[in-house]
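Presented below is the structure to which this report refers.
The values are calculated or read from the model by the stated rules, or taken from the named source; none is laboratory data. Treat the numbers as computed from the prediction; the structure is a model and nothing was measured. Here Cβ is always computed from backbone atoms with ideal geometry, including for glycine, and neighbour counts include all displayed protein chains. Accessible surface areas use protein heavy atoms only, side chains included; no ligands, DNA or RNA. Shrake-Rupley method; radii C 1.70, N 1.55, O 1.52, S 1.80 Å.
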Amino acid sequence: MTTMTADAKFWDDLAEKYAAKPVANVAAFERKKAITRERLRPASTVLEIGCGTGSLALEMSPFAGHIHAMDVSGEMIRIANQKKQSQGATNVTFRQGTLDGPTPYEPEHFDSAWAYSILHLVPDRRRTLKTIFDLLKPGGSFISSNVCLGSTWLPYGAIITVMRWFGKAPFVYTYDRETILREMREAGFVEIEERDVGAGKMVAFLVAKKPG
């Protein structure tokens, strides 16, 4: 079983529990959403990767033109579509998939892209960042919330490896702030700014731009 298939199954099995779990840090999440909303316009076309059960996309949908949200887990997408139907949202499209291979989107299609707590789960982070860059229109914004496990002395790599043995964790890639900032610059992003949202030392909430 490939890593991606294994992790899709992990998230499929977790989907119902994930959907019912409350946000751990509500204040930080509200700040993240406020910053994200600042960059939306009524006609904005948005891409969200790692959308989970669609909460962010659905909450932001009244402020955007159309949001395309994707996730590796078919079960997460099923729940997202149920929520979409119950809320009557008409400008959100959920699809199962990743940016690891060919994408269904044209270059320079999106005004904004979001990656909330997903880049540490991506096998080829540099490729994903470059793909996001290419999909953004000139001047488009990229907003990411990064779990920087490499920014702490705790041995998270070893801990997560053990948890994976027991099926309690997906594959997680460890990086620090300096690494993700460098990789974003290498992908072409400019005006990269870390915003303090009160999410803790391991979280780097970054707002960046594709040159216009």
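Listing for the model above:
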item: Set of aspartates and glutamates with alpha-carbon distance to Lys201 below 20 Å, sequence-local pairs under 8 removed; result: Glu30, Asp176, Glu178, Glu183, Glu193
item: Pairs from Lys21/Lys83; Lys33/Lys137; Lys83/Lys210; Lys21/Lys84; Lys130/Lys209; Lys17/Lys83 whose Cα-Cα separation, in the structure shown, is over 20 Å; result: Lys33/Lys137; Lys83/Lys210
item: Solvent-accessible ranking of His68, His109, largest area first, probe 1.4 Å; result: His109, His68
item: DSSP loop trypsin sites (Lys or Arg not before Pro) with at most 12 other Cβ within 10 Å: longest gap in the chain; result: 1-167
item: Solvent exposure of the chain as accessible area per residue, Å², 1.4 Å probe; result: 51 Å²
item: Among Phe110, Phe63, Phe94: highest mean-square fluctuation, GNM of the chain, C-alpha pairs under 10 Å; result: Phe63
item: Bins of 10 Å from zero: percent of alpha-carbon pairs in the chain; result: 8, 34, 41, 16, 1
item: Gaussian network model of the chain, Cα within-10 Å springs - most flexible of Ala187, Ala199, Ala20; result: Ala20
item: Protein accessible area in region 1-103, 1.4 Å probe - carbon and sulfur %; result: 54 percent
item: Mean Cα-pair separation over length for region 10-138, i.e. relative contact order, pairs under 8 Å, 6 or more apart, %; result: 25 percent
item: Cα convex hull volume per residue for region 10-73 (Å³); result: 82 Å³
item: Within a Gaussian network of the chain (alpha carbon springs, distance under 10 Å), most fluctuating of Met202, Met76, Met184; result: Met202
